[in-house]
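Notes for the one structure printed next.
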Amino acid sequence: KRDSEISSYEQQSQIFRVTDQTEITMEMDPGTFTLKQLHSLKLLGINRISLGVQSFNNTILKSIGRVHTVDDVYNSISMISQVFGGGEGAKEDNSDKSCNINYSIDLISGLPGLDCAMWIETLQKATQLRPQPKHLSIYDLQIESGTVFGSWYENDILMREEEEEEEEGDYNNNDDSYRGSGNERQQRSQAERSTPIPLPNSSSKAMTSSVLPLPSPDDCAFMYQFASGYLRSKGFEHYEISSYAMSKTGSGTSKTPNQSYRSNHNQIYWAIGSQWYAAGLGATSCINGRRYARPRSMSDYVEWTKKLKYDQSTPLPLLSNLDVVGSSSSSSRKNVPIWLDGKESWQHDLEDTIMTRLRTKDGLNLNWIAEQKDGKNILDNILRGAKLGLELGLLKRDNVDGDDTLYLTDPKGFLFSNTVISSIFAELED
């Protein structure tokens, strides 16, 4: 089986021109793999592990339905060290080989039962791991209606929705209370800054008999801001709202992507005009500005794969020449499944670019905006929508490497990213 897997990987490597420098990441949860399986992954070409740690507290892990324990976290990192760096343990390995191990961990702030002191301890434990992770993804818990967690914390959801509406009104009305130096009011929009975390949708009995309290919005805002400052002091670059990369220069102020261990595949998704291939259930590809999505349900995906029949003399649709795949000619597109052919509107693509770029440290290149169709009007609208954010210090406009650049400040601008970006979108829609 291993030989067939390696053969399959070698074929894919030739198709996609995979080199020794290509970053290939495998996302895994602690306690779900063995040393033997890690060795197999390494043979397949995997050279970066993304580990879903989430917390260093067993009670909290249980409360959110995670099956792993803190011991599983340390044991998993120890195995990663042995396979990818020749090290022995997760806590004390200081070997030269272990320093070259490229792995990332995920953490979640705002979890039930978490307070500010525990969060500080969480970050300390994360940075004290040996070998040290080269990358951290830190997400804020978002509880949504319709889930078990949503039923547990229904009152909290309603309260936060009311506070967010009040905050947005203050922002748009330029209320002085929003500008206050005390920042108590500003801290309350913590829910708008990060990516939603999928949580288990199982019965409450299967989870835990007691519901842990959620941290307050003020505490969640503190967690975000503290993480930004603390990790930058430890040599991590805060290069995207939820992403931190270890700097190769020894500080958290890397000026270029090559100076830190940024996630390569994420960099592609956030870049202007980039394209990528994706395979598997619900996978989305972007080719020549067109996005294609495979079926999202398992039954639909299995049915689709069974029906796929291609002419052996022509390449597979998603592996064919980009000009052919992106062509509007019906004859050149005969091998592209109809469900893949869904061109998004130019307005949607523009908004997607603005949102993804503003979520990054590098910001939005306004020169690029000006070069687009109707660029002058678009730029005027963006700057009109950004005006209050600039006045409040949530946005900055600077010359960065010769480009007129608009970017969110760290951490306050990132903290209010949704409000700032929504204000810009509102001007674009008018």
Quiz item: What number of residues within the range 39-72 satisfy the criterion of being under 24 Å from the mean Cα position of the chain (by Cα), open to solvent by less than 50 Å² (accessible area, probe 1.4 Å) and over 19 Å from Leu129 (Cα atoms)?
Solution: 7
Exercise. Would you check which residues across the range 223-252 are among the β-branched types (Val, Ile, Thr) and crowded, with 18+ Cβ neighbours inside 10 Å and list them?
Key: Ile241
Practice problem: Among the helices (runs of 4 or more DSSP H) lying completely within the range 369-430, list those that include at least 1 residues that are small (Gly, Ala, Ser), modelled with pLDDT under 95 and open to solvent by less than 60 Å² (accessible area, probe 1.4 Å). | Solution: 375-391, 417-429
Quiz item: Looking only at strands (runs of 3 or more DSSP E) that fall completely inside the range 226-338, which ones have 1 or more residues that are modelled with pLDDT of 80 or more, under 21 Å from Arg48 (Cβ atoms) and aliphatic (A, V, I, L, M)?
Solution: 243-246
Quiz item: Does Asp362 meet the test of being over 26 Å from Ser243 (Cα atoms) and open to solvent by 50 Å² or more (accessible area, probe 1.4 Å)?
Solution: no
Exercise. For residues that are open to solvent by 100 Å² or more (accessible area, probe 1.4 Å) and modelled with pLDDT under 80, scanning just the range 11-30, find the one that is farthest from Ala279 (Cα to Cα).
Key: Asp20
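The values are calculated or read from the model by the stated rules, or taken from the named source; none is laboratory data. Computed from a prediction, not measured in an experiment: that's the story for all the values here. Cβ atoms come from the backbone with ideal geometry, glycine included; neighbour counts cover every protein chain shown. Quick note on the areas: whole protein, heavy atoms, side chains included, nothing else; ligands and nucleic acids left out. Shrake-Rupley method; radii C 1.70, N 1.55, O 1.52, S 1.80 Å.
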